[in-house]
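Chemist: Provided herewith is a single structure, encoded as structure tokens, for subsequent inquiry.
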Amino acid sequence: MTPHAISVQNLSRRFGTVVALDNVSLDIQAGELFFLLGPSGCGKTTLLRILAGLEKADSGRILFEGHDIANRPPHERGAPMVFQNYALWPHLTVAENIAFGLVERRISRSEITRRVQEALALVELKGLGDRRPGQLSGGQQQRVVLARALVLNPRIVLLDEPLSNLDAKLRHEMREEIGALHARTDITFVYVTHDQTEALSLADRMAVMSNGRILGLGTPADLYHRPPNPFCASFLGEANLFPLRFDGSLPSGPVVISTPFGSWYATAVAPLSRTALCMIRPEHLRPEEVESPPQPAGRANRLEARIVHSRMMGSLLFLQMEAAEIRLHAVVLNRPEAVRALQTGRTLPWFVSPDETILLPDHTP
Amino acid sequence: MNRLRLPVQLLVLATVAYLGFFLIWPLAHVFENAFRDPRGFTPFYIVNLFRNPAVREAARNSFLLALLVTLLTTAIALPLAWLFSRHTFPGKTPLSAALLLPMILPPFVSAVGMKILFARAGAISTLLMRLGLANQPVDWFGAQPLLGIVVLESLHLFPILFLNLSAALANIDPSLEEAALNLGATPGRVFRRVTLPLAAPGLFAGMTLVFVWSFTELGTPLVFGVRRVLPVLIYDGVAEIGSNPAAYAQVVFVLLVAALGFWIGKYATNRHRQVATLGRLSVSRTEVSLSPLGSILAWLALATLLFVAVLPHLSILFLAVSRRWFLTVLPESWTLAFIRQALDSDLTRAALVNSLGLSLAATFLDAALGFSIAWICLRTRLWGRDALDALAMIPLAVPGLVVAFGYLGAFGSVFRGSLLDPRHNPYILLAAGYSIRRLPYMVRAAHAGLEQVSLTYEEAAANLGASPWRIVQRITLPLLSANLLAGAILCFAFSMLEVSDSLILAQAERFYPLTKAIYTLMDALENGVNVAAALGAWAMLLLGAALLWATALLGRRIGQMFRTG
């Protein structure tokens, strides 16, 4: 069996009384675009900096391709990093910035020139090698940082919130570009962000972190549709969550459970006993007047909800509703028949499919 | 701003007039007289400046001296700044404060202590003989007096370079160094390829400051009896100031060197600014804690440096309280008589009163002018405000020696016999000289403070009904008080210890300021040198307290006060 590109085992790190990493374990496959996602202060950047050797762990092991590198100094790790603020050296030109790591690796001058030119072409900055970093736009600087890392032909690239200094439009472009760059190489990317859109749209797999621990690990679709706990459910997007009580216990998988709206078919993400949270994503609530329920109709969960408030946001309608004293959000495509049907104050029948009706444990571990 | 237009204009007018009268005119006078003799305009004296072998030798010595001081200072300050800006070890904070200690005494006073300490019959010779390392008294500086000057001035100046460099190193975004490590550079390579190039402008600016300072220093060579350096040559030319254009030519040369050095330093600092503002400080710097062994080594190195740097000061203290100190390691008998005498005798008491009064006058003037200029530059759209700022910064490029020489020449001839004639009464010119020389520091202190005071505080006050004048009174001044006070303290302390102005301008004993009194007493018979040392000890106490106070007010920003550009 080939070893994992990166294997983190029982890693812990404290800063004074603050626990930045609490016994974290994680395996990242070779060639993956792996995301560390979480709110600020969750420990994701600390983990990345420990991988780069810029921070020391208090305990635990880090393996790169099966080799323990915990005691290697940063310059021997071979895992170039894309810094949040770029960290382009202002006293060097763009080309000299990109060549920096090659010079440290004692590569011949002619090969350095060749590889720097290739790297400039790769990030579409041909001809800008003689500029100073300060003469480039934010997006161009970002590309230089990427080139500076990729020019080394590394096995691993670390990215620390690479898009956080860009405006919305550029961020979108660069996001696509990073995805494309990754697809063209077999390099393992470890990408830290607090922006769930970035992670959900790009990641092969991701880890959701909070308070120094990994609370969810999996593909974006898995974590979005079947979040293992309330934290992941609400961090990865809008979620309607309401508590349920029942007698006895439920296995994971398809179950039947009684709700304020009647007896429903649902999907439990884990074995549950006595309490659960029911999660429905707003876009999974569908109005029967606009969309007819799938056949056989008996398998869909139904409820009556009164529209309290509706707001049109471009291609979508955002609705606030109330049903059995539970507040619900719904998101519906903004079509004329939907606008006509979904008037504020109306009470309408809605349905949700059973595999979009998710039961979670009611607390985050 | 409308209601303030007239007062602001008057203020600008007064400032320009003051600087014009007490700075520009004397400088113009110096230039004019360097190109004139009784027969009229002639470039003869400038062109033939170096025909005179004495001037040639003096210029060579001065350049050599300044170069050696700059190199030695850099050799001390660079590793020191690197140690302090990138590492933690026990006792770091008190030690970094202790590093400012050598600044608390003008080197010409510590030169007296050094001369005694290293004299043929002094403590060091005696100690070496006792230890059996020498079998006869060693005359340390007899053969190489330049060496003594280099060591003393370096020990005095390294804190200034240390402060400049520490600031430059602290301004480097930590991620720039991390990125280099991350891309495969060893810590040593990171220092060479990233840290040093980024700090180079700051280092270079500090080095030019040190160079110019030691190039124009008058007191220390005087004490060591070295006549063949340019400042002393000029000092010796003071007596024949009216009749000898050659002295003016020498002054012009010194001024040009100083101005060039200042300009180079400013240029380097400006480039540095563009560099420093490029990146946002992303992560706070993680400083490397030294291992116990490393800490001990650091302590040993610092203790040695501090001991050597403070040794001349210690010897001054010893001299001040000892009766006999000759062919012994420590003085033989102790007394407080000289300490008392330093406050009692006519000469010394007059000197203390003169210096206190003159320095206070200069400080108040500078505080008022400094705040006004900074405020006008940052808070008004007055036409020509940048020129005003530039005008106030000129004194940085003008050595005290040049100012004093210009005063003596210009005011001595045009206002002969009046209160503006230094030979008649030097008070006004001394106060003016002190204030002109320190004005840039005060402007900078106020400037730095004002830049930190967010404009919105003042806008909020205006919004709630305060007039511009009331805003200055109720918001701006209170928020700036720490900066202004710190600037004023330093201004006062350095005026008390101003050397060249005092030596050149005060010619009758009752007008002597502190430094001139010390210089005079040094060569006096009977226990003159002890009284001079006692006076020096008092000065040390005063300046030490002032520096501590200013540091407490400004914290790490104290470094800004000693920077070029």
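Chemist: State all residues of region A:150-189 that are touching a residue at least 60 places away in the same chain (Cβ under 8 Å), of a type outside the set (S, T, N, Q), closer than 22 Å to B:E178 by Cβ and assigned to a loop (DSSP other than H, G, I, E, B); if no residue qualifies, say none.
Modeler: Hits for region A:150-189 are A:L152, A:P154, A:R155, A:E161, A:P162, A:I187.
Chemist: In the set A:L317, A:L303, which member is farther than 29 Å from A:R245 by Cα and in a strand (DSSP E or B)?
Modeler: From the options A:L317, A:L303, the qualifying one is A:L317.
Chemist: In region B:288-306, how many are more than 28 Å from the chain's Cα centre (by Cα) and crowded, with 16+ Cβ neighbours inside 10 Å?
Modeler: Selection size over region B:288-306: 2.
Chemist: Quick check on region B:261-280: of everything there that is within 14 Å of chain A (Cβ to nearest Cβ) and either over 19 Å from A:R132 (Cα atoms) or open to solvent by less than 60 Å² (accessible area, probe 1.4 Å) (or both), which residue is modelled with the highest pLDDT?
Modeler: Only one residue fits best here, namely B:A268.
Chemist: Quick test of your reading of the structure: B:A524 fulfils all but one of (1) open to solvent by 10 Å² or more (accessible area, probe 1.4 Å); (2) part of a helix (DSSP H, G or I); (3) of a type in the set (A, V, I, L, M). Name the failing condition by number.
Modeler: All conditions are met except number (2).
Chemist: Just to check your reading of the model, which residue among A:E76, A:E96, A:E124, A:E104 is at pLDDT below 95 and over 18 Å from B:N182 (Cα atoms)?
Modeler: None of the other options fit; the residue is A:E124.
Chemist: Looking at region A:47-62, which of the residues that are open to solvent by 20 Å² or more (accessible area, probe 1.4 Å) and either modelled with pLDDT under 90 or not in a loop (DSSP other than H, G, I, E, B) (or both) is farthest from the other protein chains (Cβ to nearest Cβ)?
Modeler: A:R61
Chemist: For region A:270-289, indicate whether the set of residues that are open to solvent by less than 70 Å² (accessible area, probe 1.4 Å), under 17 Å from A:P361 (Cβ atoms) and part of a helix (DSSP H, G or I) is non-empty.
Modeler: no
Chemist: When you check B:N171 against the structure, is it within 13 Å of another protein chain (Cβ to nearest Cβ), over 30 Å from B:P38 (Cα atoms) and surrounded by 24 or more Cβ atoms within 10 Å (Cβ to Cβ), yes or no?
Modeler: no
Chemist: A further question follows. Looking at (1) open to solvent by 30 Å² or more (accessible area, probe 1.4 Å); (2) assigned to a helix (DSSP H, G or I), which one does B:A351 not meet, given that it meets all the others?
Modeler: Condition (1) is where B:A351 drops out.
Chemist: What number of residues within region A:12-46 are outside any strand (DSSP E or B) and within 14 Å of chain B (Cβ to nearest Cβ)?
Modeler: Of the residues in that region, 6 qualify.
Chemist: Only residues that are polar (S, T, N, Q) and either touching a Ser or Thr at 6+ places or on another chain (Cβ under 9 Å) or assigned to a helix (DSSP H, G or I) (or both): list them for region A:86-106, please.
Modeler: A:N97
Chemist: Okay, moving on. Looking at region B:432-444, is at least one residue open to solvent by 10 Å² or more (accessible area, probe 1.4 Å) and closer than 26 Å to B:R510 by Cα?
Modeler: There is at least one residue in region B:432-444 that is open to solvent by 10 Å² or more (accessible area, probe 1.4 Å) and closer than 26 Å to B:R510 by Cα.
Chemist: Among the listed residues B:F224, B:F215, B:F253, which satisfies the condition of being modelled with pLDDT of 85 or more and open to solvent by 20 Å² or more (accessible area, probe 1.4 Å)?
Modeler: Unique residue meeting the criteria: B:F253.
Chemist: Still on this structure: Report every pair of residues separated by at least 6 positions or lying on different chains whose Cβ atoms are under 9 Å apart, first residue within region B:446-472 and outside the structural domain of B:T363 (by TED's automatic domain parsing), second among the polar types (S, T, N, Q) and not in a loop (DSSP other than H, G, I, E, B).
Modeler: If the second residue must be among the polar types (S, T, N, Q) and not in a loop (DSSP other than H, G, I, E, B), no pairs are left.
Chemist: I'd like the residue in region A:73-82 that is out of contact with any strand residue (DSSP E or B) (no Cβ under 9 Å at 6 or more places or on another chain) and more than 7 Å from chain B (Cβ to nearest Cβ) and, out of all such residues, is farthest from A:L150 (Cα to Cα).
Modeler: Across region A:73-82, the extreme among qualifying residues is A:P73.
Chemist: Would you check if A:E111 is away from every other protein chain (no Cβ under 14 Å), open to solvent by 30 Å² or more (accessible area, probe 1.4 Å) and within 23 Å of A:E173 (Cβ to Cβ)?
Modeler: Taking the combined requirement at face value, the residue does not satisfy it.
Chemist: Tally time: how many residues in region A:83-101 are hydrophobic (A, V, I, L, M, F, W, C) and more than 9 Å from chain B (Cβ to nearest Cβ)?
Modeler: 4
Chemist: Within region B:474-488, how many residues are of a type in the set (G, A, S) and open to solvent by 10 Å² or more (accessible area, probe 1.4 Å)?
Modeler: The total comes to 3.
Chemist: With respect to B:A14, determine if the residue is among the small types (G, A, S), part of a helix (DSSP H, G or I), over 27 Å from B:L388 (Cα atoms) and modelled with pLDDT of 85 or more.
Modeler: no
The values are calculated or read from the model by the stated rules, or taken from the named source; none is laboratory data. In this text the structure is predicted, and so the values were computed from the model without any measurement. With ideal geometry, Cβ positions are generated from the backbone for all residues, glycine too; neighbour counts draw on all protein chains shown. Calculation scope for accessible area: heavy atoms of the full protein, side chains included, ligands and nucleic acids excluded. Shrake-Rupley method; radii C 1.70, N 1.55, O 1.52, S 1.80 Å.
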